[in-house]
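The values are calculated or read from the model by the stated rules, or taken from the named source; none is laboratory data. Values in this document were obtained by computation on a predicted structure and should not be read as measured data. Positions of Cβ are generated from backbone atoms using ideal geometry, with glycine treated the same way; all protein chains shown enter the neighbour counts. All accessible areas refer to the heavy atoms of the entire protein, side chains included, with ligands and DNA or RNA removed. Shrake-Rupley method; radii C 1.70, N 1.55, O 1.52, S 1.80 Å.
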Amino acid sequence: MNPTLSNPNKLAEDFISYGIWDSAAVDQLSSTELDELFDHLVARSIVETAASSISPNPEVLDSDAQAAVLSLQSFYLGALNRSRASRPDPSSKLPKAATWLAIEPVLRDRDFLIRLAQRRLSGLGARCARDLADLLGVPKQVLEDYFAGQAGENLAFVENRNVGKPQDGGVEDFATALARSDVPDAFKRRWLEA
Amino acid sequence: MDEENTEAVELYHPPFVVRALDWIEGISSEQLIAAAQIKDQNKSGFIPPAALVRIIRRFRTDGKLELSDRLVAILITNAYDYVRRVSAGFEVGDREDVIQETMQTFLTELAENDGIDWWEVTFHRELRRRASDAYARLIGRHRKRSAELTDDQEFSDDGEAAAALQIRATLVAFADKRLKTEEHRRLFLLLMLGDLPIDAPEAPNDLVRLTGKPRSTLANLKTDFTRMLKAALVEKAS
């Protein structure tokens with residue numbers, strides 16, 4: 001059975017988000033999957049209905065609720081420790097091209113990303129650095145260090161190996177590169193400010 | 001989450017999150033804590049929870065763990081309050097399950113991911129989705145439990161419960177049909193179906209104290225009712 005066709009949760013979401021009811025696909029579902037489909041629909045409608053009628057004002061938490069919040073805080077710290085233990089050092093993530101390609105769906109321009117990764121851009125904006133650090137989930141300092149590079153190989157000193165290409169030192173102005181790229185307008189506007 | 005991530009094409013911060021993130025660049029950490037505690041979204045300085053998620057992750061990756069943890073405490077309190085209000089109408093046992101499961105999913109995703117995800121775009125919508133996922137799993141668990149019961153031979157009582165139900169239904173039908181006043185019907189059910197004795201001064205309660213009628217009246221009624229039942233049985237048998 002095709003997993004994308006018969007995923008009951010996806011069928012339910014399609015109905016909720018777009019009003020699409022694929023009866024052919026629903027016919028294919030087993031009885032367990034049908035249960036799952038209807039559970040999903042029922043639960044979504046119950047929660048959304050409940051949420052639409054709640055009071056807009058936050059409530060003061062009683063002592064039971066405060067105890068629950070405290071236990072949730074320690075749950076978070078536990079989850080954080082577990083995920084930190086299995087995580088590599090952030091600075092080791094960056095030099096890999098794959099790291100940059102992971103954010104391609106957001107920036108929608110592989111060529112621009114490759115130029116970023118090769119550090120052949122000058123005048124990278126602070127906003128851009130901040131956003132990229134957020135997207136990649138690394139500290140801003142690590143990203144800045146990465147762009148500054150080792151002594152002798154930072155932006156201004158990138159070697160231009162292609163002799164036939166324009167003699168611009170292999171470095172392109174960030175603003176020009178961004179303007180030419182397919183990066184979403186939201187980013188272009190934000191990064192060219194200031 | 002994986003399913004959503006593959007569909008996501010434009011997962012960057014919406015303008016209201018960008019504005020909040022720009023605004024906090026210029027303020028001190030004490031001011032930031034104070035701003036994060038503002039709950040009224042119409043007040044100036046209010047930080048949307050979506051932006052707070054990003055701020056927490058930023059401080060965390062930048063190594064400012066103490067500040068990050070203080071902000072997490074505020075975010076958890078607000079998110080908990082929201083989920084609790086959404087599930088206020090649920091049955092008590094279900095409510096706690098839904099709240100716990102929703103919050104734990106949220107906190108795991110908050111802890112494990114450093115990059116931008118949907119929590120930084122549509123925070124409350126994500127909470128509601130996690131809550132409805134938790135609720136759907138709960139319905140599934142309830143269903144599974146009831147399905148298991150029918151297979152379980154240990155729960156058989158050789159039809160005792162069913163027989164008791166049938167006797168009760170027959171007597172109620174009899175009372176409805178043969179007794180004229182509401183008071184007699186009530187007394188009939190108490191005398192013939194109830195567990196209480198007519199008169200027992202030692203016991204915590206009895207029918208004399210419950211109904212306020214003298215012992216002799218109740219005893220006579222019980223005899224009458226028994227006679228009526230016997231007559232009805234003879235009538236049916238003949």
Checklist entry - Taking R0 as 35 Å, what's the FRET efficiency between A:N9 and A:F147 from their Cβ-Cβ distance, rounded to 0.05? => result 0.25
Checklist outcome for this item: Toy charge model, Lys and Arg Cβ at +1, Asp and Glu Cβ at -1: the range B:193-238 dipole around Cα centroid in debye, rounded to 20, equals 200
Checklist outcome for this item: Charge dipole of the protein assembly as shown built from unit charges on the beta carbon (Lys, Arg +1; Asp, Glu -1), centred at mean Cα; most positive-end Cα among A:Q118, B:I27, A:P88 is B:I27
Next on the checklist: Placing +1 on the Cβ of each Lys and Arg and -1 on the Cβ of each Asp and Glu in the range A:1-96, which of A:A51, A:L29, A:S74 has its Cα farthest towards the positive end of the resulting dipole?
Outcome noted: A:S74
Checklist entry - By how many nm would the segment from B:A162 to B:E235 lengthen if fully extended, with 0.36 nm per residue of separation less the alpha-carbon distance? => result 23.8 nm
Checklist outcome for this item: Shape descriptors of the protein assembly as shown over alpha-carbon atoms, Rg and Dmax in angstrom, are 33.9, 120
Checklist entry - Between B:V172 and B:T226, what is the spin-label point distance in nm, taking each point 7 Å from the Cα along the Cα→C-beta axis? => result 2.5
Checklist entry - Under unit Cβ charges (Lys, Arg +1; Asp, Glu -1), what dipole magnitude, rounded to 20 debye, does the range B:102-230 have relative to its Cα centre? => result 1160
Checklist entry - Over 26 Å between Cα atoms, which of B:K180/B:K236; A:K10/A:K96; A:K10/B:K39; B:K180/B:K222; B:K39/B:K64; B:K177/B:K222 qualify? => result A:K10/A:K96; A:K10/B:K39
Next on the checklist: Just checking the output field for A:68-75: average partner chain Cβ neighbours within 10 Å of each residue's Cβ?
Outcome noted: 6
Next on the checklist: Working only with C-alpha atoms, what are the Rg and Dmax values of chain B, expressed in angstrom?
Outcome noted: 32.4, 97
Next on the checklist: Inside 10 Å of the C-beta atoms of B:74-84, what's the mean count of C-beta atoms belonging to other chains?
Outcome noted: 4
Next on the checklist: In Å², and per residue, what accessible area does the protein assembly as shown have when probed at 1.4 Å with the other protein chains present?
Outcome noted: 57
Checklist entry - In the range B:110-136, which residues give up 30 Å² or more of accessible area once the other protein chains are added, compared with their chain alone (1.4 Å probe)? => result B:A111, B:E112, B:D114, B:I116, B:R128, B:R129, B:S132, B:Y135, B:A136
Checklist entry - At the nearest 100 Å², what buried accessible area, both sides summed, do you get for B and A when the probe is 1.4 Å? => result 4400
Checklist entry - Once every DSSP H run of n ≥ 4 in the protein assembly as shown is given -39500 (n - 2.57) and the sum is divided by its residues, what mean residue ellipticity at 222 nm do you get, rounded to the nearest 500 deg cm²/dmol? => result -20500 deg cm²/dmol
Item to check | Fully extended contour minus Cα-Cα distance, from A:L61 to A:K188, at 0.36 nm per residue | outcome: 41.4 nm
Checklist entry - For B:T217 and B:Q104 in the same chain, what is the full-extension length gain: residue separation times 0.36 nm, less their Cα-Cα distance, in nm? => result 34.4 nm
Next on the checklist: Largest first and in whole Å, what are the equivalent-ellipsoid semi-axes of the range B:49-181 based on the Cα gyration tensor, each being the root of 5 times an eigenvalue?
Outcome noted: 52, 18, 11
